[in-house]
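> Take this structure first; my questions come after.
The values are calculated or read from the model by the stated rules, or taken from the named source; none is laboratory data. Only a predicted model underlies this, so the values are computations on that prediction, with no experimental measurement involved. Note that each Cβ is placed from the backbone with ideal geometry, even for glycine, and that neighbours are counted across all protein chains shown. When the accessible area is computed, the model is the full protein with side chains, heavy atoms only, and any ligands, DNA or RNA have been set aside. Shrake-Rupley method; radii C 1.70, N 1.55, O 1.52, S 1.80 Å.
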Amino acid sequence: FAAETDLPIGGLLTDLQQRGLLEETLVIWGGEFGRLPVAQKAAKPGRDHNPHCFTAWLAGGGVKGGMSYGETDDYSVNVVDKPVHVHDLQATIMHQLGIDHERLTYRYQGRYFRLTDVHGKVVDALLA
């Protein structure tokens, strides 16, 4: 999969940088869940969902470049250092877009709701 995406992603980031747009454009790559590092044997073999950890990367848009944040165990099954909940990732993305995720809170049927549920903290260590 990486061989199919490396060239176009590199081209996009290079183009944005050459045009002076990378600092104001937040590029996000990821999925909605992680995958287990092992394949299951079945009629349709594959890698099952891993709800405990996943990978995403961000570029431009005021995030620090050339770094990784967080760490999994040796088998990429569980997070062992600097966990980032999906609500934290969403809060960080919205912060970089100029949106205060806490101001979007509304009450419905006795419960408070917002785009990051009622959780989420901006991960300042990711910001340039």
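> Considering only residues that are in contact with a His (Cβ under 6 Å, 6 or more places away or on another chain) and under 18 Å from residue 26 (Cβ atoms), look in the range 75-114 and name the one that is most open to solvent (accessible area, probe 1.4 Å).
87
> Now, a different point. Just the residues that are in contact (Cβ under 8 Å) with a residue 12 or more places away in the chain and either more than 29 Å from residue 123 (Cβ to Cβ) or in contact with a helix residue (DSSP H, G or I) (Cβ under 7 Å, 6 or more places away or on another chain) (or both), please, taken from the range 39-57.
56
> Let me ask something else about it. Among the residues in the range 69-76, are any of a type outside the set (Ser, Thr, Tyr) and in contact with a Ser or Thr (Cβ under 6 Å, 6 or more places away or on another chain)?
No, that holds for no residue.
> Another one. Residue 43 - would you say it is surrounded by fewer than 15 Cβ atoms within 10 Å (Cβ to Cβ), among the aliphatic types (A, V, I, L, M) and within 20 Å of residue 73 (Cβ to Cβ)?
So residue 43 does not fit the description; no.
> So in the range 58-74, with the set limited to residues that are assigned to a strand (DSSP E or B) and under 19 Å from residue 127 (Cβ atoms), which one is most open to solvent (accessible area, probe 1.4 Å)?
In the first step, residues of the range 58-74 are kept if they are assigned to a strand (DSSP E or B); the result is 58-60, 63, 71-72.
Add one more test, that the residue is under 19 Å from residue 127 (Cβ atoms), and what stays is 58-60, 63.
Details: 58: 45, 59: 17, 60: 10, 63: 17 Å².
Out of the qualifying residues, it is 58.
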